[in-house]
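Throughout, read-outs are computed from the coordinates displayed, never taken from laboratory work. Note that the structure is predicted; figures quoted are calculated from it, not measured. Note that we place each Cβ from the backbone using ideal geometry, even for glycine, and neighbour counts take in every protein chain shown.
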Amino acid sequence: MVLSTAVLDTVEQICHTVADLHGELTRNELVIWTAGNVSARVPGEDLMVIKPSGVSYDELGAEKMVVTDLYGELVHGSLAPSSDTAAHAYVYRHMPEVGGVVHTHSTYATAWAARGEPIPCVLTMIADEFGGEIPVGPFAMIGDDSIGRGIVETLRGSRSPAVLMRNHGPFTVGKDARSAVKAAVMVEDVARTVHIAHQLGNPMPLKQEDIDRLHERYRNVYGQQEAR
Ligand SMILES: [Zn+2]
């Protein structure tokens, strides 16, 4: 596939954004070695920008990013795309509202995934950002559509932008890559806090009506709408 100059300009900008956002994964201590990735949809095209496979985070400039179609086939760039590309691509194919996907093995969120236990909605921050408990997706093997299918099926039944794939780790989505990174940071933070609360006693659940009100308020009123 040959990309037009206009599309290439857009792609270049997105490569910079996605490269910078990988810095947030290390800054927030969500990843070790090369195990975590951010992708972004190219708006209006059936394309995505994603991290190349096996490149360390301090070498990850915009020029290293790869562009694939929404079936994970390389369209632009010289490196092989991330081994999680099929999962990201499946999400973009089936969730048109999603503009960014993030995957990490961040410690506390992955510990919940190892137990196959959803993170209960016991904090206003969880109600705000996730709209309820953070759900667990099925165990799925890497290499075909099973991870993507598990992510999409779980997220469709939930308001949460994060799913804890069982025995694996969190995948998060957002309207753009930055929102998906934010959800990845948040899911690790609440996973840690609720874990600590669990060790010391029984966290108190929020009432459903309070969760609904908090989530609505956060989505519609809170903050500078554009800056989120
Ligand atoms: Zn993984």
Qualifying residue in the range 117-128 (condition: of a type outside the set (A, V, I, L, M, F, W, C), surrounded by 16 or more Cβ atoms within 10 Å (Cβ to Cβ) and within 16 Å of the chain's Cα centre (by Cα)): no
Count of residues meeting criterion [over 21 Å from the mean Cα position of the chain (by Cα), in a helix (DSSP H, G or I) and surrounded by 16 or more Cβ atoms within 10 Å (Cβ to Cβ)] in the range 1-11: 2
Considering residues of the range 89-105 that are outside any strand (DSSP E or B) and closer than 13 Å to Met165 by Cβ only, the residue nearest to the ligand (Cβ to nearest atom): His105
Criterion violated by Ile142 - all others in (1) β-branched (Val, Ile, Thr); (2) within 20 Å of Ile50 (Cα to Cα); (3) buried (at least 16 other Cβ atoms within 10 Å of the Cβ) satisfied: (3)
Test: residue in the range 59-75 that is surrounded by 19 or more Cβ atoms within 10 Å (Cβ to Cβ) and more than 22 Å from Ser4 (Cβ to Cβ): yes
Residue that is farthest from the ligand (Cβ to nearest atom), among those in the range 106-125 that are under 20 Å from Val152 (Cα atoms) and part of a helix (DSSP H, G or I): Trp112
Test: residue in the range 198-219 that is aromatic (Phe, Trp, Tyr) and within 21 Å of His88 (Cβ to Cβ): no
Of all residues in the range 154-179 being touching a residue at least 60 places away in the same chain (Cβ under 8 Å) and in contact with a Pro (Cβ under 7 Å, 6 or more places away or on another chain), the one that is nearest to Leu30 (Cα to Cα): Thr172
Residue within the range 72-82 that is under 17 Å from Ala177 (Cα atoms) and of a type in the set (Asp, Glu) present: no
